[in-house]
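These notes are about the structure you will find just below.
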């Protein structure tokens, strides 16, 4: 059995590096704590992004939508180790509010983190970041809920994705 039975998973972009920023796609991202605000992301030890997160101690988790699917796919398929991956994408980097690593203008949210801890997790490192600042589009998130008309990306595997629908299921109605 493969861990892919957990899919579909939301897909995010992870920005790392300061002088020559890089971006990678990641599905294995999870909130860990409200107080202190912590977030975790699993990154392969072989990834260029992993070395940048270790070097600079900061990263940004950006929330893309289906509108930038091709950039998300390229970010997860190309390596920034030997090329300027940002130039291969049509995203716009912008100054973050707190950390030195840039955020992504085309994303509906950017979560700025400082590296707090990492845990060896087999062929990946589980990166724990302390959330320093969250910027988001107020039209997309309101009353602590996302607008379901926004097409959040869900990764099915390989180059296949789907999006959220506007159908809301409310638990407790069947009790």
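Read the figures in this text as sums done on the coordinates, not as results from a lab. Computed from a predicted model, the values in this text were never measured in an experiment. Methodologically, a virtual Cβ is constructed for each residue, glycine included, from the backbone with ideal geometry; neighbour enumeration extends over all protein chains shown.
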What percent do you get for the relative contact order of the range 118-175 when only Cα pairs under 8 Å and 6+ apart count? 18
Taking only Cα atoms of the chain, radius of gyration then Dmax in Å: 16.0, 56
For Cα pairs less than 8 Å apart in space and 6+ apart in sequence, what is the mean separation divided by the residue count of the chain, i.e. the relative contact order in percent? 24
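So what is the relative contact order of the range 39-112, in percent, for Cα pairs below 8 Å that sit 6 or more residues apart?
Once divided by the residue count of the range 39-112, the mean separation gives 37 percent.
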Could you give the nm distance between label points at residue 6 and residue 114, where each point is 7 Å from its Cα heading toward the beta carbon? 2.8
